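Student: Mind looking over this structure? Questions follow.
The values are calculated or read from the model by the stated rules, or taken from the named source; none is laboratory data. All figures in this text were calculated on a predicted structure; none of them were measured in a lab. Here the Cβ is made from the backbone with ideal geometry for all residues, glycine too, and neighbour counts use every protein chain on show.
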Amino acid sequence: MSFNSILGQPVLVQSLKNAIYNSMISNAYIFNGAKGCGKKTAAKIFAAGINCINDKEKPCGFCASCRKAAINANPDIIYIRPIGNNIKIEQIRELIGITSIKPYENLYRVVILENGDKMNHAAQDAFLKTLEEPEGNNVFIIITENYNSLHQTIISRCQAFNFKGVSKDIMRDYLIKNFNHSPEKIEFAMEKSNGIIGRAIEILDNEEIISDDIYYNLISELLQNKRVIALSIYDDAIKTKEEALKFLDYLIHWFRNILLFKSVGEDKLLLVREKEKKLVKEYSIRIKEKNVYMIIDMIKQGRRFMDFNISTKNTMDSIFLKILEVFND
Ligand SMILES: [Zn+2]
């Protein structure tokens, strides 16, 4: 547990370290950013650092406070999580009771509100009171993916940090060091994750990669005018409406890359894997821009049809026919 494990947020990390080393801890913080970008890890490290008694490196990982923090057993580091869909007013009332007394063992009590935007209106109002009348040495860290659902009055009392996606180099380095996957899979996870490390790990952990290979086969057969083969791959692989919708998303993504290649003329910016790039380049010359838009519209319409429970296979078949038509025009 160290600030070094927070990747790709140098400015933010430096501010948090400065706060600790200069003893300038604010009463409340907001850690805002997409799911999987390290907000919770950062909150845990910051909370440990605040109460670490080592002078040199905070958190040191060795002092009693750090050791307890590492296993989430520090009585002065409290996590509040939604129960069901919300953080309820009862939870905030209980919290107010706890924060009205001194920390048990440490200089500060750190309260980490996970999914802080899930505080309902009443809970936010109650929480605001604790911010308005800070008692004792309490530090609040509100973790949120959606800053805007917090009341303005809460936001204005917090120091806010925005977590960003990390660069490709940082992510590649991290994934190669920590995961045992082929370079191709790692590249793929990077492309799909928009710099969000948690998302990349999720992709590496699940079967999405496999289904994407099926998608690739499907579209490449289709483009080679093998509609029957494409339909049989579809039948084998795509069983549910959810899977069909996912495939339609992939198709939209694929055609957007065609548009991108048509407008910039180079493949560096394409958000697809190497072998898909080849397809995109090869077929983008054979289709007019207005037809790409037409297909994307048609796929979107197909999505709507599926929402109305119209047969996914029929919808898909008419999309396939339209794609074949424009490429073989
Ligand atoms: Zn320590």
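Student: For Ala160, which of the numbered conditions (1) outside any helix (DSSP H, G or I); (2) under 18 Å from the mean Cα position of the chain (by Cα) fails to hold?
Tutor: Going through (1) outside any helix (DSSP H, G or I); (2) under 18 Å from the mean Cα position of the chain (by Cα) one by one, Ala160 breaks only (2).
Student: Here is a follow-up. Restricting the search to the range 20-52, which residues are of a type in the set (A, V, I, L, M) and either within 16 Å of the ligand (Cβ to nearest atom) or under 14 Å from Ile112 (Cα atoms) (or both)?
Tutor: Residues of the range 20-52 that are of a type in the set (A, V, I, L, M), as a first pass: 20, 24-25, 28, 30, 34, 42-43, 45, 47-48, 50.
Result: Ile20, Ile25, Ala28, Ile30, Ala42, Ala43, Ile45, Ala47, Ala48, Ile50.
Student: Looking at the range 69-85, I want the residues that are in the same structural domain as Ile50 (by TED's automatic domain parsing) and hydroxyl-bearing (Ser, Thr, Tyr) and have a partner that is part of a loop (DSSP other than H, G, I, E, B) and loosely packed, with under 12 Cβ neighbours inside 10 Å with Cβ atoms under 8 Å, at least 6 apart or on another chain. Which pairs are those?
Tutor: Pairs found: Tyr79/Asn72.
Student: For Leu150, indicate whether it is at pLDDT 85 or above, in the same structural domain as Ala122 (by TED's automatic domain parsing) and surrounded by 17 or more Cβ atoms within 10 Å (Cβ to Cβ). First the steps, then the outcome.
Tutor: Numbers: at pLDDT 85 or above: yes; in the same structural domain as Ala122 (by TED's automatic domain parsing): yes; surrounded by 17 or more Cβ atoms within 10 Å (Cβ to Cβ): yes.
Here the answer is yes, as Leu150 does meet what is asked.
Student: Same structure again: Does any residue of the range 181-204 turn out to be more than 29 Å from Lys281 (Cα to Cα) and of a type in the set (Phe, Trp, Tyr)?
Tutor: Taking every residue of the range 181-204 in turn, none turns out to be more than 29 Å from Lys281 (Cα to Cα) and of a type in the set (Phe, Trp, Tyr).
Student: Before we move on, is Ile285 modelled with pLDDT of 85 or more, of a type in the set (A, V, I, L, M) and closer than 30 Å to Pro183 by Cα?
Tutor: Details: modelled with pLDDT of 85 or more: yes; of a type in the set (A, V, I, L, M): yes; closer than 30 Å to Pro183 by Cα: yes.
Here the answer is yes, as Ile285 does meet what is asked.
Student: Restricting the search to the range 268-298, which residues are outside any helix (DSSP H, G or I) and surrounded by 16 or more Cβ atoms within 10 Å (Cβ to Cβ)? I'd like the intermediate steps shown before the answer.
Tutor: Of the range 268-298, the ones outside any helix (DSSP H, G or I) are 268-273, 285-288.
Answer for the range 268-298, where residues must be outside any helix (DSSP H, G or I) and surrounded by 16 or more Cβ atoms within 10 Å (Cβ to Cβ): Leu270, Val272, Arg273, Ile287.
Student: Would you mind stating whether Lys68 is farther than 19 Å from Met24 by Cβ, within 16 Å of the ligand (Cβ to nearest atom) and surrounded by fewer than 22 Cβ atoms within 10 Å (Cβ to Cβ)?
Tutor: On the way: farther than 19 Å from Met24 by Cβ: yes; within 16 Å of the ligand (Cβ to nearest atom): yes; surrounded by fewer than 22 Cβ atoms within 10 Å (Cβ to Cβ): yes.
Criteria met by Lys68.
Student: Kindly indicate whether any position in the range 176-188 is polar (S, T, N, Q), touching a helix residue (DSSP H, G or I) at 6+ places or on another chain (Cβ under 7 Å) and assigned to a helix (DSSP H, G or I).
Tutor: Let us first name the residues in the range 176-188 that are polar (S, T, N, Q), namely 178, 180, 182.
After this cut, where a residue has to be touching a helix residue (DSSP H, G or I) at 6+ places or on another chain (Cβ under 7 Å) as well, the list is none.
No, the conditions are met nowhere in the range 176-188.
Student: Of all residues in the range 87-119, which are part of a strand (DSSP E or B) and among the hydrophobic types (A, V, I, L, M, F, W, C)? I'd like the intermediate steps shown before the answer.
Tutor: Taking the range 87-119 and keeping what is part of a strand (DSSP E or B), we get 87, 109-113, 119.
Of everything in the range 87-119, those that are part of a strand (DSSP E or B) and among the hydrophobic types (A, V, I, L, M, F, W, C) turn out to be Ile87, Val110, Val111, Ile112, Leu113, Met119.
Student: Let me ask another. Out of all the residues in the range 17-39, is one or more of a type in the set (Val, Ile, Thr), in a loop (DSSP other than H, G, I, E, B) and without any contact (Cβ under 8 Å) to a residue 60 or more places away in the chain? Give the derivation first.
Tutor: So in the range 17-39, the residues of a type in the set (Val, Ile, Thr) come out as 20, 25, 30.
Filter again for in a loop (DSSP other than H, G, I, E, B), leaving 25.
Right, trim to without any contact (Cβ under 8 Å) to a residue 60 or more places away in the chain and you get none.
No, there is no match, as no residue in the range 17-39 is of a type in the set (Val, Ile, Thr), in a loop (DSSP other than H, G, I, E, B) and without any contact (Cβ under 8 Å) to a residue 60 or more places away in the chain.
Student: Then there's this: What is the residue count in the range 73-86 for residues that are modelled with pLDDT of 95 or more and not in a loop (DSSP other than H, G, I, E, B)?
Tutor: 4
Student: Hey, does the range 53-63 have a residue that's more than 16 Å from the ligand (Cβ to nearest atom) and modelled with pLDDT of 95 or more? Working first, answer last.
Tutor: Taking the range 53-63 first, the residues more than 16 Å from the ligand (Cβ to nearest atom) are none.
Looking for residues that are more than 16 Å from the ligand (Cβ to nearest atom) and modelled with pLDDT of 95 or more, one finds none in the range 53-63, hence no.
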